[in-house]
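For reference, the structure is listed below as structure tokens.
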Amino acid sequence: QVQLVESGGGLVQPGGSLRLSCAGSIISENYCIGWFRQGPGKEREVIAFISQSGLASYFLDSMKGRFTVSRDSAKNTAYLQMANLKPADTAVYYCAAKRYLCSSDIAGYFGWGQGTQVTVSS
């Protein structure tokens, strides 16, 4: 199995932007890539997923206008672009892969990395 590696997190002021990266050879293969986050004291939740064909889905109204998911097979990397960040976005962010069709069920995903911390604070 190939484990995905997340990077790009850090400390950012409210209203700022970050781009997270998810690296691994599986990105260039026929798998769905999902982005997830887990805030303090909360369950892990799905942010978005992107299919092999590039079709993206977003799961919370508060994210749809601010977060953008993409993938670049040539670079073996998927991305989560985050804009207008809010304190409520503070969490550890993860990516993972799923065989066959995309879905919001995290049980079907594998290849989880260690996550990257995003802290939004003034």
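When restricted to residues that are over 18 Å from V120 (Cβ atoms), in contact with a Lys or Arg (Cβ under 6 Å, 6 or more places away or on another chain) and open to solvent by 50 Å² or more (accessible area, probe 1.4 Å), the stretch 15-72 contains 1. Counting residues in the stretch 95-108 that are under 21 Å from E29 (Cβ atoms), crowded, with 20+ Cβ neighbours inside 10 Å and of a type in the set (S, T, Y) gives zero.
Restricting attention to the stretch 36-56, does a residue exist that is assigned to a helix (DSSP H, G or I) and farther than 19 Å from Q3 by Cα? Checked the stretch 36-56: no residue is assigned to a helix (DSSP H, G or I) and farther than 19 Å from Q3 by Cα. R71 fulfils the conditions (1) assigned to a loop (DSSP other than H, G, I, E, B); (2) of a type in the set (D, E, K, R); (3) touching a helix residue (DSSP H, G or I) at 6+ places or on another chain (Cβ under 8 Å) except for a single criterion, (1). Of all the listed residues (V2, V12), the sole one being among the β-branched types (V, I, T), closer than 18 Å to M82 by Cβ and either open to solvent by 20 Å² or more (accessible area, probe 1.4 Å) or at pLDDT 95 or above (or both) is V12. Candidates S73, S25: the one that is closer than 13 Å to G111 by Cβ and not aromatic (F, W, Y) is S25. If the condition is being over 12 Å from S25 (Cα atoms) and under 15 Å from the mean Cα position of the chain (by Cα), then the stretch 72-85 contributes Y79, L80, Q81, M82, A83, L85.
Of all the listed residues (Y79, Y94), the sole one being touching a residue at least 12 places away in the same chain (Cβ under 8 Å), farther than 17 Å from V120 by Cα and part of a strand (DSSP E or B) is Y79. Would you confirm, using the coordinates I've provided, whether A88 is within 11 Å of I27 (Cα to Cα) and either assigned to a helix (DSSP H, G or I) or polar (S, T, N, Q) (or both)? Judged against the criteria, A88 is not a match.
The values are calculated or read from the model by the stated rules, or taken from the named source; none is laboratory data. In this text the structure is predicted, and so the values were computed from the model without any measurement. Methodologically, a virtual Cβ is constructed for each residue, glycine included, from the backbone with ideal geometry; neighbour enumeration extends over all protein chains shown. Side chains are part of the model used for accessible areas, which takes the heavy atoms of the whole protein and leaves out ligands, DNA and RNA. Shrake-Rupley method; radii C 1.70, N 1.55, O 1.52, S 1.80 Å.
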